[in-house]
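Some notes on the structure that comes next.
A short reminder: the numbers here are calculations on the coordinates, not readings from a lab. Model, not experiment: these values are computed from the prediction. With ideal geometry, Cβ positions are generated from the backbone for all residues, glycine too; neighbour counts draw on all protein chains shown.
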Protein chains: 2
Amino acid sequence: MARPPRFDTDQLLDAAVRLAASFGPAGVTMAAVAKEAGAPSGSLYHRFAGRSALLAEVWLRTVERFQDSYARVLAAHDDAREAGRAAARHVVAWSRAHPEETRLLLYGPGDFGREGWSQEHRSRAERGNRRIFGELDSLAATLGARDTEAVERLTLALVDLPLSVVRRHLREGGTLPAHAEAVVEDCATALLDTLPRSGGHVRPGSGGRARNRD
Amino acid sequence: MARPPRFDTDQLLDAAVRLAASFGPAGVTMAAVAKEAGAPSGSLYHRFAGRSALLAEVWLRTVERFQDSYARVLAAHDDAREAGRAAARHVVAWSRAHPEETRLLLYGPGDFGREGWSQEHRSRAERGNRRIFGELDSLAATLGARDTEAVERLTLALVDLPLSVVRRHLREGGTLPAHAEAVVEDCATALLDTLPRSGGHVRPGSGGRARNRD
DNA sequence: CCGGTATTAGAGAGGGCTCTCTAATACGAG
DNA sequence: CTCGTATTAGAGAGCCCTCTCTAATACCGG
């Protein structure tokens, strides 16, 4: 009962991902996406309310894809420590498998114009974040680490540290070396060991392995 | 023997830093910098060959300021391990003291149009990098870690890990919590402990490296 | 006081980007 | 076959940005 679409949403977002990976968020202009996808600008504006909306969609689709896989990995392990190690590895593995989307994610929502997003897009982003941080919170609880600083360290070990390895290698057009997963898992494990063990243990400063040399 | 300048280079770059911190590299337009500094666009083009040159200058001035202080900290310690811990702390301390410049540095040279830089600017960037990586290389050598992967781990501990803590907190307009230095030093120390000790010693951990599992 | 010069000052051409608007088009239901 | 509709198609207004160009300006040595 209507003309069939030649350019669906995903196709256009794919083009946007390629542009973002190559030229950064600033390179994702309506004109550039249209050209990259071979579509007229009218088709773009037919699907997205404007540039903000397109930026929001491309960011959210990408980050949600990553978060889905990340949550799946976390859920696939019973032992908390093992789940953590697998999650850290997974960040690298996913990045290796999706280099363009990763380059996009190395920016932040702010670079994709979060300020100008609709309420709907904002809360979609919020939901995704809460989901992952919820998982990390409960993982921290399982590990007996309940205060803010401990959750922060867990996040550092399972998200930020892997991401910084990925960032260093992918920035300026490089690729991930073969040993990246191993380095990340190893380092994440070391960081997990700085967490206070369960049982209300005092902070790992003076007792643990970290500060013996002071 | 000439009209005295009302707007010197540093003043204009200061304005560019503020804009980059608030709006990202894309917000650093010649028009915006002129307005922010209260200068006419003519003055801008009088000092910078064009937008690329201004972006290069603002990036290089900022990164060199950071690198200077970083190198100074590394040189201030005799013990390699202590130097490493101090360096990691310093990344956080410097970021706390210079939040706007830090927000700028959380982007990369690529975001500041490195492709379009003059040869002079490129080699200035190259020189700065070589300087720091040279220091890190010799630090690694002192610690008895000579292969690429070991240097990579050292970089991770002394640069990337502190930066990722800074990034998480400064992104989206936050500030660094009081305990950030402590967390970073603690985690950096843990990572330093994963380095192979001099003499080919295996690391004192869970009995082997993660890589063995492959 | 005067000429030389570095700088300020800002108008305006040219280009790209966002977004709007109108017309053409292709399909499916009846 | 015809009508209704979702979509394609792209021209063009308006805006901002980069960069150029010309004129005015303020200091300084002599």
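For peptide B:162-174, the mean count of partner chain Cβ atoms within 10 Å of a residue's Cβ comes to 3. Helices that extend 15 Å or more along their long axis by alpha-carbon positions and average at least 1.0 on the Kyte-Doolittle scale are, among the DSSP H runs of chain A, A:180-192. Shown for A:77, A:169: other C-beta atoms within 10 Å of each C-beta, ranked fewest to most, produce the order A:77, A:169. The distance separating the Cα centre of region B:50-98 from that of region A:1-52 comes to 40 Å.
When the dipole is taken about the Cα centre of the protein assembly as shown, and only Lys, Arg (+1) and Asp, Glu (-1) are charged at their Cβ, what size is it in debye, to the nearest 20?
Details: 60 positive and 56 negative charges, 94 e Å.
With only Lys, Arg, Asp and Glu charged at Cβ, the dipole is about 440 debye.
Comment: the Cα-to-Cβ extended label point of residue B:115, at 7 Å, lies 2.6 nm from its counterparts in the other copies, nearest first. Projecting the Cα atoms of A:194, A:74, B:44 onto the charge dipole of the protein assembly as shown, computed from C-beta unit charges around the Cα centre, puts B:44 farthest toward the positive end. So for region B:9-198, taking the charge dipole from beta-carbon charges (+1 Lys/Arg, -1 Asp/Glu), which of B:16, B:139, B:62 sits furthest toward the positive end? Most positive-ward Cα: B:16.
The charge dipole of region B:1-73, taken about its Cα centre with unit charges on the Cβ of Lys, Arg, Asp and Glu (plus for the first two, minus for the last two), comes to roughly 140 debye.
Counting only Cβ charges, +1 for Lys and Arg and -1 for Asp and Glu, the dipole size of chain B around its Cα centre is about 260 debye.
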